[in-house]
Ligand SMILES: [Zn+2]
């Protein structure tokens with residue numbers, strides 16, 4: 001199939017939707033086009049500091065790895081009905097520069113200061129537009145849906161890490177640094193218990209409202225545009241959708257939202273699937289992984305966990321998925337074998353992909369209570385992140401210990417001491 005060329009559209013045809021740490025997303029609003037209508041364009045970003053270290057513009061660049069990663073790896077673990085379609089699109093530097101001029105002002109100021117579209121990329125990703133063309137769509141970033149098992153935790157961390165979830169500890173750490181906080185606990189959302197799922201959704205709404213839409217755990221899109229709590233049109237759209245009497249009373253709306261979405265999430269296998277993948281892939285915790293790494297490679301120049309390990313090729317990822325779906329579950333994870341180090345490192349990276357993804361929930365039709373749920377943003381994580389995650393884990397736990405908080409997060413899916421038998 002001939003690849004789509006972005007130059008067949010005008011930069012004006014694309015509107016800014018949202019962005020994460022690595023990518024930025026635009027939605028097609030131009031004249032009908034078989035390849036572009038109902039699609040979003042996902043572009044890679046580059047920090048201002050590194051934007052001068054451009055890729056050699058004359059070399060052939062590979063396709064965005066996100067496409068092959070989803071096609072070859074993620075689709076083996078997640079049924080395709082929960083995934084958006086992804087295809088490659090050929091980019092053009094002049095076109096991308098025009099897009100920056102047109103749309104950079106629509107980005108949040110904090111993001112604009114840090115990074116920009118990588119205009120030297122020759123290939124981007126076209127994905128199913130899960131947000132546009134509909135009255136309303138919601139994005140939830142659920143984050144870590146499990147508590148770690150005890151056996152690989154140190155005596156200093158075990159009591160804390162098995163009582164408080166990673167997200168709640170991290171949130172507390174961020175709030176200390178001045179970030180806007182939220183009372184949301186992922187373990188409530190992942191609990192499969194209606195009261196707790198509603199509590200989680202209620203907290204997500206409160207966080208969204210109190211942060212003026214700046215927290216990224218819940219986002220609302222109306223007719224393809226990300227909206228903030230002070231947007232009257234959003235409130236009216238939510239009222240039309242969620243309430244019988246179209247009441248725009250915010251308390252009413254919050255309750256209706258939590259009630260309808262709780263049902264949609266309880267009826268769907270998506271959260272259970274994500275939680276199982278996260279917990280079985282991160283079976284050693286970063287502490288156990290770090291111990292195995294230093295045991296296996298003693299005396300290795302160590303600039304942090306995973307620093308001396310090359311990133312896996314796509315073939316290695318494919319082999320890993322085969323192992324994960326067979327032998328992995330029979331390994332003795334209590335005493336991990338040094339021979340399995342590379343697989344454990346890869347498992348942790350893949351777990352991080354599922355900890356960092358989002359779900360898009362949108363109505364199937366105007367009929368209330370009928371929703372379609374898709375999982376998005378499943379990008380490959382790299383080995384050079386492991387060292388940073390290990391350090392962050394230590395910082396978060398040390399801070400949380402010093403705060404003397406008495407919080408408890410309940411992991412309802414925890415089966416005995418998984419992996420410790
Ligand atoms: Zn929690």
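No lab work stands behind these numbers, since they all come straight from the coordinates. Treat the numbers as computed from the prediction; the structure is a model and nothing was measured. Note: ideal-geometry Cβ built from the backbone for every residue, glycine included; neighbour counts use all protein chains shown.
Annotations for the structure displayed:
- For the stretch 4-129, the alpha carbon positions stretch 38, 33, 31 Å along the principal axes, listed from largest to smallest.
- Point-to-point label distance, residue 176-residue 246, nm (Cα→Cβ direction, 7 Å offset): 5.0
- Estimated at 0.36 nm per residue, the fully extended path between residue 391 and residue 322 surpasses their Cα-Cα distance by 21.8 nm.
- Value in Å of the Kirkwood radius, where the chain supplies the Cα pairs that are averaged: 22.9
- Expected 222 nm ellipticity per residue - DSSP helices of 4 or more, -39500 (n - 2.57), all of the chain, to 500: -11000 deg cm²/dmol
- Stretching residue 94 away from residue 214 to a fully extended chain increases their span by 40.0 nm, per 0.36 nm per residue minus the current alpha-carbon distance.
- Relative contact order computed over the stretch 4-129 (Cα-Cα under 8 Å; 6+ residues apart), in percent: 38
- Cα pair count fraction exceeding 18 Å, expressed as % - the stretch 169-301: 65
- Taking other C-beta atoms within 10 angstrom as a stand-in for reagent exposure, 150, 255 fall in the order 150, 255, fewest first.
- Relative contact order, percent, the stretch 151-267 [alpha-carbon distance under 8 Å, six or more residues apart]: 18
- For the stretch 166-219, Kirkwood radius (reciprocal of mean inverse C-alpha pair distance, Å): 11.3
- Extended-chain gain in nm, criterion 0.36 nm per residue less alpha-carbon gap, residue 81 and residue 206: 41.9 nm
- Relative contact order for the chain, counting Cα pairs under 8 Å that sit 6 or more residues apart, in percent: 20
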